[in-house]
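Colleague: Dumping the structure here so I can ask a few things about it.
The values are calculated or read from the model by the stated rules, or taken from the named source; none is laboratory data. Just so it is clear, the model here is predicted, and its values are computed rather than measured. All Cβ positions, even for glycine, are placed from backbone atoms using ideal geometry, and neighbour counts span all protein chains on display. Quick note on the areas: whole protein, heavy atoms, side chains included, nothing else; ligands and nucleic acids left out. Shrake-Rupley method; radii C 1.70, N 1.55, O 1.52, S 1.80 Å.
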Amino acid sequence: MAAVVIEPVQGEGGFIPAPIEYVQAIRKICDENGILLVADEVQCGFGRSGKLFASEYWKEAGCTPDIIASAKSIAGGVPLSAVIARDEIMDSVPGGVIGGTYSWRIPQDKGRRSGRAGKTLR
């Protein structure tokens with residue numbers, strides 16, 4: 001198993017926070033077996049819980065997630081998402097492997113077109 005993905009707050013189930021004892025048990029299993037703990041903060045991240053990320057409450061119990069996935073409120077309706085992880089996790093992924101529906105790369109003209117687009121949008 002590569003990872004365990006849990007939502008710090010079950011949004012579709014009635015806005016129920018994951019009990020800290022449950023998170024501690026999952027963190028222990030992950031640590032003992034070399035499994036990554038991923039906090040799915042798509043619905044509850046970016047201040048919706050009182051902290052920037054709901055998984056910050058886990059830190060107080062020594063259960064920091066290895067990876068945080070965020071989206072939705074990160075950009076106020078713009079289709080944007082983010083993956084946040086420790087350097088050693090992010091650096092272990094070869095270039096060009098992480099992508100998605102809205103991912104993009106700098107054009108071959110080394111940004112000249114993106115500069116023109118920025119001027120147009122201003």
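Colleague: Given the criteria in contact with a Phe, Trp or Tyr (Cβ under 9 Å, 6 or more places away or on another chain) and either open to solvent by 80 Å² or more (accessible area, probe 1.4 Å) or at pLDDT 70 or above (or both), does I106 qualify? Show your work before the answer.
Modeller: Values: in contact with a Phe, Trp or Tyr (Cβ under 9 Å, 6 or more places away or on another chain): no; either open to solvent by 80 Å² or more (accessible area, probe 1.4 Å) or at pLDDT 70 or above (or both): yes.
No; evaluated as a whole, the condition is false for this residue.
Colleague: Given the condition among the aromatic types (F, W, Y) and without any contact (Cβ under 8 Å) to a residue 40 or more places away in the chain, answer yes or no: does some residue in segment 53-62 qualify? Outline the logic, then answer.
Modeller: Just the residues of segment 53-62 that are among the aromatic types (F, W, Y), to begin with: 53, 57-58.
Those left that are additionally without any contact (Cβ under 8 Å) to a residue 40 or more places away in the chain: none.
No: segment 53-62 contains no residue that is among the aromatic types (F, W, Y) and without any contact (Cβ under 8 Å) to a residue 40 or more places away in the chain.
Colleague: So, in segment 42-57, exactly how many residues are in a helix (DSSP H, G or I) and either of a type in the set (S, T, Y) or at positive phi (or both)?
Modeller: Restricting attention to segment 42-57, the residues satisfying the condition of being in a helix (DSSP H, G or I) are 56-57.
Going one step further and asking which of them are either of a type in the set (S, T, Y) or at positive phi (or both), we end up with 57.
Matching residues across segment 42-57 total 1.
Colleague: A follow-up question, please. Condition first: among the polar types (S, T, N, Q) and modelled with pLDDT under 90. Can you find one or more residues in segment 47-60 that meet it?
Modeller: The initial filter retains those residues of segment 47-60 that are among the polar types (S, T, N, Q), namely 49, 55.
Going one step further and asking which of them are modelled with pLDDT under 90, we end up with 49, 55.
Within segment 47-60, one or more residues are among the polar types (S, T, N, Q) and modelled with pLDDT under 90.
Colleague: Here's a follow-up. Condition first: within 14 Å of the chain's Cα centre (by Cα) and charged (D, E, K, R). Now tell me which residues in segment 33-66 satisfy that.
Modeller: D40, E41, E56, D66, listed by residue number.
Colleague: For S70, which of the numbered conditions (1) touching a Gly at 6+ places or on another chain (Cβ under 7 Å); (2) part of a loop (DSSP other than H, G, I, E, B) fails to hold?
Modeller: Only one criterion is unmet by S70, namely (2).
Colleague: Okay, moving on. On the basis of being modelled with pLDDT under 75, surrounded by 10 or more Cβ atoms within 10 Å (Cβ to Cβ) and in contact with a strand residue (DSSP E or B) (Cβ under 8 Å, 6 or more places away or on another chain), does I74 make the cut? Even if it seems obvious, please write down each step before you answer.
Modeller: On the way: modelled with pLDDT under 75: no; surrounded by 10 or more Cβ atoms within 10 Å (Cβ to Cβ): yes; in contact with a strand residue (DSSP E or B) (Cβ under 8 Å, 6 or more places away or on another chain): yes.
It is false that I74 is modelled with pLDDT under 75, surrounded by 10 or more Cβ atoms within 10 Å (Cβ to Cβ) and in contact with a strand residue (DSSP E or B) (Cβ under 8 Å, 6 or more places away or on another chain).
Colleague: Kindly provide the set of residues from segment 6-41 that are open to solvent by 40 Å² or more (accessible area, probe 1.4 Å), in contact (Cβ under 8 Å) with a residue 40 or more places away in the chain and either of a type in the set (A, V, I, L, M, F, W, C) or assigned to a loop (DSSP other than H, G, I, E, B) (or both), ordered by number.
Modeller: I20, L36 - these are the residues of segment 6-41 that are open to solvent by 40 Å² or more (accessible area, probe 1.4 Å), in contact (Cβ under 8 Å) with a residue 40 or more places away in the chain and either of a type in the set (A, V, I, L, M, F, W, C) or assigned to a loop (DSSP other than H, G, I, E, B) (or both).
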